[in-house]
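Taking it in order: structure first as C-alpha cells, then the write-up.
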Amino acid sequence: MRSFAPAGPPVVYPDRSGGPFAFAGDIFAVADAEIRKLRHDPLELIMRAVQPTLWLVVFGQVMSRIRGVPTGRLSYLDFMAPGILAQSVLFIAIFYGVAAIRERDLGVLNKYMVSPISRTALVLGKAVSAGARALSQAAIVYVLALLMHIHATLEPLNVAGVLALVVLGSAVFSTLSLMIACMVKSHERIMGMGQVMTMPLFFASNAIYPIALMPAWLRSIASVNPLTYEVDGLRALMVRGGASTLGLGVDFAVLIAFVALLVAIVTRLYPRLVE
C-alpha cells in the first residue's frame, strides 16, 4: 500500500524575479555560461584578428593614399580605425542567433526555459556575453592601431568609453540576430540573413567615409542605423583629435534605446524557438 508522509508546511521557492540583485545574478549566470565557451576555444580569438587586420593593413593603407575622402584633421587610417572596430564587432554579433539555434537543437534552450530565470534576464545575459566577447576585438584593434602608428588614445576614461560602446554595439546586433533566429528558426536562414544584412549596415554608416559624402537617401538610412552612432562615439573617444558629429550623449542614448527595444522584442519571441 502506498503511504503518504504527513503534510508539512508548503515549500516556498525563492522569487527569482523579485529584486535587482537576483535579476543581476541571473544575467551574470547566463553571461558566464556563454563566456566560458570562449575560454575553451582560444583559436576563435586568433581567427577574429584576421578581418580587422586585412581591413586596416590592406584597405586602409590603399585608401590612405587617396586624398578625395574629407576626414578633417584626421589621417584616413585614424578616421577608419574606429569604423573597423565597429565593423568587426558587427560581423561577429550579427551571427549570434546561430548559437541560439544550436542550443535549441542540443536541448539547452529547453533547460533555460523551464528554469526560474526570467526571460528578460536570459536575453540580457546573452547580450552581455556577446558584449564581453566583443571586448577581444577592441584589444585586437588597439594593438593593430599602435603597431600602425594610428593615433589611438589610451586615456583611461576614453578607453572605458570605447569599451562601453563596443559592449552596447555588440548587444544591439546580437539581440537583432536573436530576433531573426526566433523568426527563421534554422541555421541556414540565419546565416543567409546575417550575410545579407552585414554589408548594407556597414556601408550605410560612417565607418569608412563621412556621412556628408552620402546622397540624401543614404543619409536617411544612416540616421537610423545603430552602427552610425557606435562609430561616431568611437571616433570621438578612440582617436586623438577625433570628434563626435552627433554628440556622445546622443550616441549612447540611441544605442541604449536600441538595446532596450530589441531585448523587449526578443523576450516575447524567445519561446518560439522551442515551439
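At a glance:
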read-out	value
Single match in 172, 166, 123, 128 (criterion: farther than 23 Å from residue 102 by Cα, buried (at least 21 other Cβ atoms within 10 Å of the Cβ) and either of a type in the set (Phe, Trp, Tyr) or within 16 Å of the chain's Cα centre (by Cα) (or both))	166
Complete set of residues in the stretch 232-270 that are in contact (Cβ under 8 Å) with a residue 60 or more places away in the chain, under 25 Å from residue 159 (Cβ atoms) and β-branched (Val, Ile, Thr)	239, 256, 259
Scan of the stretch 56-76 for residues that are surrounded by fewer than 21 Cβ atoms within 10 Å (Cβ to Cβ), in contact with a helix residue (DSSP H, G or I) (Cβ under 9 Å, 6 or more places away or on another chain) and part of a helix (DSSP H, G or I), ordered by number	57, 59, 61, 63, 76
Count - residues of the stretch 197-217 that are in contact with a helix residue (DSSP H, G or I) (Cβ under 7 Å, 6 or more places away or on another chain), in a loop (DSSP other than H, G, I, E, B) and touching a residue at least 40 places away in the same chain (Cβ under 8 Å)	4
Residue tally, condition under 21 Å from residue 85 (Cα atoms) and surrounded by fewer than 16 Cβ atoms within 10 Å (Cβ to Cβ), over the stretch 185-202	4
Selection count, the stretch 178-189, where residues are more than 15 Å from the chain's Cα centre (by Cα) and in a helix (DSSP H, G or I)	7
Options 142, 229: the member that is closer than 17 Å to residue 248 by Cα, among the aromatic types (Phe, Trp, Tyr) and either modelled with pLDDT of 90 or more or buried (at least 23 other Cβ atoms within 10 Å of the Cβ) (or both)	229
Pairs with Cβ under 8 Å, 6+ apart, first in the stretch 49-78 and at pLDDT below 80, second charged (D, E, K, R)	71/78
Whichever residue in the stretch 146-158 is in contact (Cβ under 8 Å) with a residue 40 or more places away in the chain and in a loop (DSSP other than H, G, I, E, B) and, among such residues, is surrounded by the most Cβ atoms within 10 Å (Cβ to Cβ)	150
Matching entry among 174, 220 (being assigned to a helix (DSSP H, G or I), in contact (Cβ under 8 Å) with a residue 40 or more places away in the chain and more than 17 Å from residue 83 (Cα to Cα))	174
Only listed residue being touching a Lys or Arg at 6+ places or on another chain (Cβ under 6 Å), over 26 Å from residue 125 (Cβ atoms) and surrounded by fewer than 20 Cβ atoms within 10 Å (Cβ to Cβ), chosen from 241, 249	241
Test for residue 143: is it assigned to a helix (DSSP H, G or I) and within 19 Å of the chain's Cα centre (by Cα)	no
Checking residue 211 against (1) touching a Lys or Arg at 6+ places or on another chain (Cβ under 9 Å); (2) buried (at least 22 other Cβ atoms within 10 Å of the Cβ); (3) over 18 Å from residue 100 (Cα atoms), the condition it does not meet	(2)
Options 131, 169, 125, 192; residue that is assigned to a helix (DSSP H, G or I) and either β-branched (Val, Ile, Thr) or under 20 Å from residue 243 (Cα atoms) (or both)	169
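The values are calculated or read from the model by the stated rules, or taken from the named source; none is laboratory data. Computed from a predicted structure; not experimentally measured. Here the Cβ is made from the backbone with ideal geometry for all residues, glycine too, and neighbour counts use every protein chain on show.
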